[in-house]
Each structure stands twice: as structure tokens, then as C-alpha cells.
1. Please work out the average accessible area per residue across the chain, using the 1.4 Å probe convention, and give it in Å².
2. Counting other Cβ atoms within 10 Å of each Cβ, which trypsin sites (Lys or Arg not before Pro) in the stretch 305-364 have at most 16 and sit in a DSSP loop?
3. What list of whole percents do you get for P(r) of the stretch 306-505, with Cα-Cα distances grouped in 5 Å bins up to the one holding the largest distance?
4. For the pair ARG98 and SER129, how long in nm is the line joining their label points, each one 7 Å along Cα→Cβ?
5. Among the listed pairs LYS307/LYS416; LYS127/LYS147; LYS80/LYS438; LYS59/LYS127, which have their C-alpha atoms separated by more than 31 angstrom in this model?
6. Within the accessible area of the stretch 306-505, what % is carbon and sulfur when the probe is 1.4 Å and the other protein chains stay in place?
7. Just the number, please: carbon plus sulfur as a percent of the accessible area of the stretch 187-299, 1.4 Å probe, no ligands or DNA/RNA counted.
8. What value does the stretch 126-184 have for Rg/Rh, both radii from Cα atoms and Rh as Kirkwood defines it?
Amino acid sequence: MHRFAIRREMRTIVSKKAVSLLDSCKFPRYMSLAAFQTVDADKVSGSEPAKVLNLVNGKWFESPSWNTIVDPLNGEPFIKVAEVGESNIKPFVDSLSRCPKHGLHNPFKDPERYLQLGAISTKAADKLSQPEISKFFARLVQRVSPKSFEQAMAEVSVTQKFLENFSGDQVRFLARSFAIPGNHLGQQSHGFRWPYGPVAIITPFNFPLEIPVLQLMGALYMGNKPLLKVDSKVSIVMEQMLRLLHLCGLSTDDVDFINSDGKTMNKLLLEANPRMTLFTGSSRVAEKLADDLKGRVKLEDAGFDWKILGPDVQEEDYVAWVCDQDAYACSGQKCSAQSILFMHENWSASSLISKLKDLAARRKLDNLTIGPVLTVTTEAMLEHVEKLLKIPGSKVLFGGEALKNHTIPSIYGAIKPTAVYVPLEEILKDTNFELVTKEIFGPFQIITDYKANQLPLVLDALERMNAHLTAAVNRGPGPSERHLTNVYIDVVKVIGNTVNGTTYAGLRARTTGAPQNHWFGPAGDPRGAGIGTPEAIKLVWSCHREIIYDVGPVHSQWKLPQAT
């Protein structure tokens, strides 16, 4: 057989394997496209590649340069992204520059837009609640950021509930003001939430729908004009979501959408000079942006997230399941993923580790409960394991091996869910601490244990960490009132001596989960960004403005005073 024919045959085999794998993930195939869709998630492939366009000044357009995205499950080129180069950023710069500092709307300007955006949210929430549309987005998420169908649907559900939460009048309630009596008749002080005007949003690959939608809508609600950039590997999801929002009434002029590399985006930000930029992603890039943009940023960056199991060993199956979900769901590619587990010695003597090992072994590539790691290669993750094993007393508890029998391209990572034990005393040594607390954005965690009198050492380790996103303090209720008091005191002690922005406490404590009903974001950094709640939206996407009405009258006995 001619070598080119052999290559075609091999590509066909690989493609069929990928389709077979995806067909096992519990979603129905599509019969027709909805009004907004320009792609069919089931049919995107090397033979039918999808295209992702840019949006500026109300128009979708291609660009001279195309970035080819490969299928993370088989390496087949399956999406073409129209990427804007450094020489083509002027329309985006001009578009942002035309937005005034006081925004597209504010409490004194075009307040009807609050109501319009509430109506758009109502319609979009209704669309996402429709099974064929919710499954379309879940399917599309799976294609570009492989995760189980349940995890992909959870992302769609959170997005739908968020839009539902800010339907109707809820958008204008975000701009609620207050008044304080003045010093004399006719004087009152009013506090208002004010937009920044031109803003930028940069979001990562791991939640290609939830993160950009929640931040984008928050920016719009408060009156800003956003420029949105999503990681090109997954930007097709948000491109389709923008088309849905336009169908629901959002003006095509309200949001600009760009695909570019990091260097081009950095140049655009420096030239356009947005009043605020929201960045979700790596700490390294976050610090560069903070420097380049002179601090006009809000950051939701890396999280080396911890969980503490207290002395009460109970509900072992449940606790093990939560730990497995926290560490390995979405192949560990959550900024809230459990990075380190501190077990009280009572848990060390339990069956927890064996249960964790069994739960990790259930995860299969066939149903995407384990899958490609899009930012860390297999070699890099296994090399990190080898470095950790050089620490005295360290050992692999389970995993530590590459996945086998797959077609995941080598540019991505593919390892079994992994846990490495490192003794607490060794973790605290200056020579080891930075290595042990390095975030590996994949299915990997550190596990250690501590004795009853070593909680201060655990707290010392937490104090020395730099990323303070999520945390969990697991202590269940005891059999007596006295014991309940001790439990409460221990939990309060840990919470009072730590700073993580989203912290769960109690028997069902977890590290992952960013539902629409509570704040999700880091603490301890004035640049920290939140997501999901009214408090998060107001903090990130508006600033405080005080307007003092002083209308008089002037007292009839007033006389010109001496100069002071």
C-alpha cells in the first residue's frame, strides 16, 4: 500500500476510535441545529473542521491567520480559529477606546439597559434550560476540554442558574445605592456603584462556558464594554454562546470577541488601556499583567488548595468519595482541585487510602472520568513525581504511571490519578516546601498526615503557601455536647488562622464546586476576583462613586467669613 494511503487509513482508524469513545459518554446525537448554532458538536472533525471567528464593531469576521486546534482525544486537526495578529488589533483598540469611562450605562445614564440585560438573561436562561441546547453546550465542552458528561452538564447548569438568578429586576438591584443624612438642610450623601467603562476579560480552557459567561455578564450588568478573550483551544464554546446571547437580544456592539496569542493580547491591552482587566489563569501571567497594566486588574489565579481531616473518623465512604472528586474530577484541571490532603493520624490508621485508591481506579478514559491534561505533559507530571520521591519518606500511594492504549497527542498529558505521600516534617523544610507546593494542573495530589499535637505545624504550612483560593476543614459532629464544643473550637482555630477565599467547613467539606449560589474566589490579595454572586459582580465590575447633593438653602444670617 502506498505510504499516503496508509496514512489516510491510520487517520480513519484514529478518528473512528475517537468517535467510539465519545459515543460512550451518555449524550444523544443531534438531529438539527438550533437557530444560533454554526457548528454541530457531533460532526466536528478533520473532514468537517469547525471555524471560530472574531467579533468587533458588531460584525463577525475571519482573519488572514488561522490557528489549527487538534482534537485532545486523538490529535486530529478539527477546529480552525481565526487568530488576530499584532498588526490587526486596531479595530479592537478603537472599539474599546470609544467607550467612555462612565460606561455604556450607569444609574444616571440609560438605566433602561439594566432592564434590557435582565430580559436577555431571562431568555438566555430559558434557552439553556432546553435539553437540546444544554446538551449541545455540554457536548461542545467535552469536545474541547474533555470531562465526563456529568461534569460538562454541571458547567452548563451553573451557567443557566446564574442567568436565571439575574433575570428581571435583579440586574438593576446590583446598582442599588444608599443615602446618608448630611450636616444641614439640603445636604445628602449618596453612594453608587459605577462602571469602569472599557474593560477586558481573559479566561482559561478548563471551564470554557461557565467562567467567561459569568464574568462577561457581570461586566455587562454593571455598565461596562467588555473585550473577551478565551483560550483558543476552547473558544468555540464561547463563540457559540455569544451567538445565542445575540439571539436573545444582546446587541452585537456590546461585546468584542478576539482570538489571539498571548503576545498579541498583551500588546492590545497596552494600546487600548482598558480601565480594568479580569484575568483567570496562571499566577505567572497574572503577575505580568498586574505589572504591565499598572495594577488595574482583578485576578483569579492559581490555587494550591488544601483539605484538613480532623480526628473524627466517620462516614469513610463519603469522605473518600469527596476527596476523589476534589482531586481527580475533570482530570484535576480545576483551580479549586484538592492539591494537598492533611490527614489526622486517626485517618491514617483507617481504610481511607485504600478507598481512595479504589475510587481512582474506577476512572476510565472511556467515559472521560480521566482524560487529557491540556497544560502539562505526561513527562512533566511524571518528572515531578520522581523529584518528590527523592524526599526521605516519600512514596507513591497510587498512580504515578502514564495512561496506556490511547490516542491522546503527546502535546497533552495523560496519567493515571496519582497521590504521593510526603511526611509533614519534610514538607516544612525550606529545601522541599516550594517543590511540594508546586501546583500540578492535572490528576495529582500530595497526601500527608499529622499527629494530635501537630496542628500548629499544619497551620504553619498553610501560612507559607501563596495561593489562597479554596480550602476544606473536615470535622464531623461528636457524640456529646462537650465534644461538639471541641469540634467547633478546632474548626474556628483553623479558619481563624487561614485566608482562603472559598472555604468549606464540616463533615461534608470539599474544595471544588463553584455553584452560582455562593462566592467563588481567592482572598488575601486586594487584586482578588470573585465570581457568581452579587457581591462578586459589584466588587469586580464596578467601583464606588459618592455624590453629595448640597442644594441649600443658604442661611439668611450667613456672612463672608475670614480666610482660613
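1. Accessible area per residue: 44 Å².
2. Answer in residue order: ARG362, LYS364.
3. Over the stretch 306-505, the share of Cα pairs per 5 Å bin runs 1, 7, 16, 20, 20, 16, 10, 5, 2, 1, 0, 0 percent.
4. Those two pseudo-labels are separated by 3.6 nm.
5. LYS80/LYS438
6. 51 percent
7. C and S fraction of accessible area: 48 percent.
8. 1.35
The values are calculated or read from the model by the stated rules, or taken from the named source; none is laboratory data. Being a predicted model, the structure only gives us computed values, none of them experimental. Neighbour counts run over all protein chains shown; Cβ positions are idealised from the backbone, glycine included. Each accessible area value is taken on the protein alone, full model and side chains, heavy atoms only, with ligands, DNA and RNA left out. Shrake-Rupley method; radii C 1.70, N 1.55, O 1.52, S 1.80 Å.
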